[in-house]
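Chemist: Input: one structure, supplied below.
The values are calculated or read from the model by the stated rules, or taken from the named source; none is laboratory data. Being a predicted model, the structure only gives us computed values, none of them experimental. A quick note on method: Cβ atoms are made from the backbone with ideal geometry, for glycine too, and the neighbour counts reach across all protein chains shown. These accessible areas exclude ligands, DNA and RNA; they are computed on the full protein's heavy atoms, side chains included. Shrake-Rupley method; radii C 1.70, N 1.55, O 1.52, S 1.80 Å.
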Amino acid sequence: MAKKAIKVIGIGEAGQDSLLPIYKTWIEQSERLVGGDRQLAFFPDYAGEKLSVTGGLSTVVANLQKDDKETVVLASGDPLFYGIGGYLANKLEHIEIYPALSSIQESFSRMGESWQDSVFLSVHGRPMTGLAQKIDGQSKVCLLTDDTNSPQAIAKYLLSFGMDEYRAFVAEAVGGPDEKIGWFDLHELQDYEANPLNVVILKRVQEAPVWPLGIPDAEFSQRKPDKGLITKKEIRVLSIGELQLTRTSTVWDIGACTGSVSIEAAKICRDGAVFAIEKNEADLDNCRENFSKFRTDVMLVHGKAPERLNEFPDPDAVFIGGSGGEMKELLHICCSRLKANGTIVLNAVTIENLHNAVKAFEAEGFAVNITLAQISRSKPILHMTRFEGLNPVYIIQAKRKETAEC
């Protein structure tokens, strides 16, 4: 005998008034009603069993699997847009989805603008870490929020990266009796207490700085008077290429210094994450200043690798700008933690470090590919031009042998 289908029905802030008549009938005829406390409160006279999702979705799934009752699950708006519908469809069979107008659709309708050209991001129940590089450069961004990541918190976060080219449209409790909408600049919004039920839509209203790959060295804040502690632009671009980054890569930057490699990587890996470690305390402020200037939200820790690497998730790519004399142990940890098909790139300026790195990688079962970069930059001399050489750098790319041979 076929199991009864579980109906997942979207519901808006207007409660029962937002439902089609057939949906109301299904709810009335069901034996079990599942939803958040707010959705369940729309049905005070419901005669069947009520099951709240506040105990956790895994618990809900376990309860739904125990018996075969006529069940309706209530979800906000479209259950398949950052909602419970996708989760249940992956965990259970016989799921039917019936979406309602979502808060997103209603918010854009109040705003009076199209939404097919918007980027959609959620900070509901998740940290804002990495949000800066996801938003930077976008014309229109829609954010799903929560009590912690409120419109006020979002405004403060964006302003910390200098992203004041955006105005924010805030739609609160849209579709319900307490609906409130309005436009804010970010300086206004950082002092505004919004209804916890809200959607934030960011619209870029003026031009913003653009930083393509290969940011000039002089643009980075660097340690004074010892300028030059930076992975030079040409070496940086070559090393980034060797790392084989994708939009979703998780990257370690070991020996971050000014943060130049972290910044270039974060702009490529917008949907991934970058984790940086730097042993010299004097460089940390410069690093943070550069992260803010170039709108990249990178997790930075103070320490001498391999210490504190246990705080980072396993990487798809590792860049090592300096080993601090702990090369063998450091490379062992990087090689053992590296994800399948991952890549390690190490920059060396001495033949001794080149030799040690190659031997260490070979001991770990990694194949290496070495590029000797000898770069010269043009310099004016009177009415003519000459070239001045930078220090030669060995760019060592390492991959597991079975991967390298594919």
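Chemist: Can we say Leu101 is touching a Ser or Thr at 6+ places or on another chain (Cβ under 8 Å) and open to solvent by 50 Å² or more (accessible area, probe 1.4 Å)?
Modeler: yes
Chemist: Additional query: Against the condition more than 21 Å from Cys257 (Cα to Cα), among the aliphatic types (A, V, I, L, M), in a strand (DSSP E or B) and over 28 Å from the mean Cα position of the chain (by Cα), how does Val368 come out, does it pass?
Modeler: Criteria met by Val368.
Chemist: Could you check how many residues of segment 263-311 are small (Gly, Ala, Ser), over 17 Å from Pro127 (Cβ atoms) and in contact (Cβ under 8 Å) with a residue 60 or more places away in the chain?
Modeler: Qualifying residue count, segment 263-311: 1.
Chemist: Can you tell me which residues in segment 146-182 are small (Gly, Ala, Ser), more than 21 Å from Phe294 (Cα to Cα) and assigned to a loop (DSSP other than H, G, I, E, B)? First the steps, then the outcome.
Modeler: Let us first name the residues in segment 146-182 that are small (Gly, Ala, Ser), namely 150, 153, 155, 160, 162, 168, 171, 173, 175-176, 182.
Retained after the next criterion (residues that are more than 21 Å from Phe294 (Cα to Cα)): 150, 168, 171, 173, 175-176, 182.
Matches in segment 146-182: Ser150, Ala173, Gly175, Gly176.
Chemist: Run down Gly182, Gly112, Gly175 and say which single residue is in contact (Cβ under 8 Å) with a residue 40 or more places away in the chain and not polar (S, T, N, Q). Lay out the reasoning, then the answer.
Modeler: Numbers: Gly182 fails: in contact (Cβ under 8 Å) with a residue 40 or more places away in the chain; Gly112 fails: in contact (Cβ under 8 Å) with a residue 40 or more places away in the chain.
Answer to the selection: Gly175.
Chemist: Of a type in the set (Ser, Thr, Tyr), at pLDDT 95 or above and under 28 Å from Val174 (Cβ atoms) - does that describe any residue in segment 42-49?
Modeler: So in segment 42-49, the residues of a type in the set (Ser, Thr, Tyr) come out as 46.
Of the ones still in play, those that are also at pLDDT 95 or above are 46.
Those still in the list that are under 28 Å from Val174 (Cβ atoms) too: 46.
The answer is yes; a qualifying residue exists.
Chemist: Counting only residues that are open to solvent by less than 50 Å² (accessible area, probe 1.4 Å) and under 20 Å from Val60 (Cα atoms), which one in segment 1-25 is modelled with the lowest pLDDT?
Modeler: Top of the filtered list is Ala5.
Chemist: Could you please give the count of residues in segment 273-296 that are modelled with pLDDT of 95 or more, among the polar types (S, T, N, Q) and in a loop (DSSP other than H, G, I, E, B)?
Modeler: Total meeting the criteria: 1.
Chemist: Report yes if Glu28 is in contact (Cβ under 8 Å) with a residue 40 or more places away in the chain, over 27 Å from Leu121 (Cβ atoms) and open to solvent by 20 Å² or more (accessible area, probe 1.4 Å), otherwise no. Break it down into steps so the answer makes sense when it comes.
Modeler: Details: in contact (Cβ under 8 Å) with a residue 40 or more places away in the chain: no; over 27 Å from Leu121 (Cβ atoms): yes; open to solvent by 20 Å² or more (accessible area, probe 1.4 Å): yes.
When the stated conditions are applied, Glu28 does not pass them.
Chemist: Here is a list of conditions, (1) at pLDDT below 95; (2) surrounded by 15 or more Cβ atoms within 10 Å (Cβ to Cβ), and Leu121 meets all of them except one; can you say which number that is?
Modeler: (1)
Listed here are the residues, each with its yes/no results for (1) at positive phi; (2) basic (Lys, Arg); (3) assigned to a loop (DSSP other than H, G, I, E, B).
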| site | (1), (2), (3) |
| --- | --- |
| Asp17 | no, no, no |
| Lys24 | no, yes, no |
| Leu33 | no, no, no |
| Gln39 | no, no, no |
| Phe43 | no, no, yes |
| Lys50 | no, yes, no |
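Chemist: Scan Arg223, Arg247, Arg270 and give me the residue that is assigned to a loop (DSSP other than H, G, I, E, B) and modelled with pLDDT under 95.
Modeler: Result: Arg223 is the single residue among Arg223, Arg247, Arg270 that is assigned to a loop (DSSP other than H, G, I, E, B) and modelled with pLDDT under 95.
Chemist: Residues of segment 250-267 being under 12 Å from Ala305 (Cα atoms) and either open to solvent by 20 Å² or more (accessible area, probe 1.4 Å) or assigned to a loop (DSSP other than H, G, I, E, B) (or both), which ones?
Modeler: Gly255, Ala256
Chemist: Inspect segment 84-92 for any residue being open to solvent by less than 70 Å² (accessible area, probe 1.4 Å), without any contact (Cβ under 8 Å) to a residue 40 or more places away in the chain, within 26 Å of Pro196 (Cβ to Cβ) and touching a Pro at 6+ places or on another chain (Cβ under 9 Å) and give the result as yes or no.
Modeler: Yes, because at least one residue in segment 84-92 is open to solvent by less than 70 Å² (accessible area, probe 1.4 Å), without any contact (Cβ under 8 Å) to a residue 40 or more places away in the chain, within 26 Å of Pro196 (Cβ to Cβ) and touching a Pro at 6+ places or on another chain (Cβ under 9 Å).
Chemist: When you scan segment 330-361, how many residues do you find that are open to solvent by 20 Å² or more (accessible area, probe 1.4 Å) and either out of contact with any helix residue (DSSP H, G or I) (no Cβ under 9 Å at 6 or more places or on another chain) or of a type in the set (S, T, N, Q) (or both)?
Modeler: Final tally of qualifying residues: 13.
Chemist: Let me ask you something else. Could you list, ordered by first residue, the pairs with Cβ atoms under 9 Å in which the first is in segment 357-386 and more than 24 Å from Ile320 (Cα to Cα) and the second is in a helix (DSSP H, G or I), at least 6 apart or interchain?
Modeler: Cβ pairs passing all conditions: Arg377/Glu234.
Chemist: Just for segment 306-317: of the residues that are open to solvent by less than 10 Å² (accessible area, probe 1.4 Å) and either touching a Cys at 6+ places or on another chain (Cβ under 6 Å) or in a loop (DSSP other than H, G, I, E, B) (or both), which one is farthest from Ile268 (Cα to Cα)?
Modeler: Phe312
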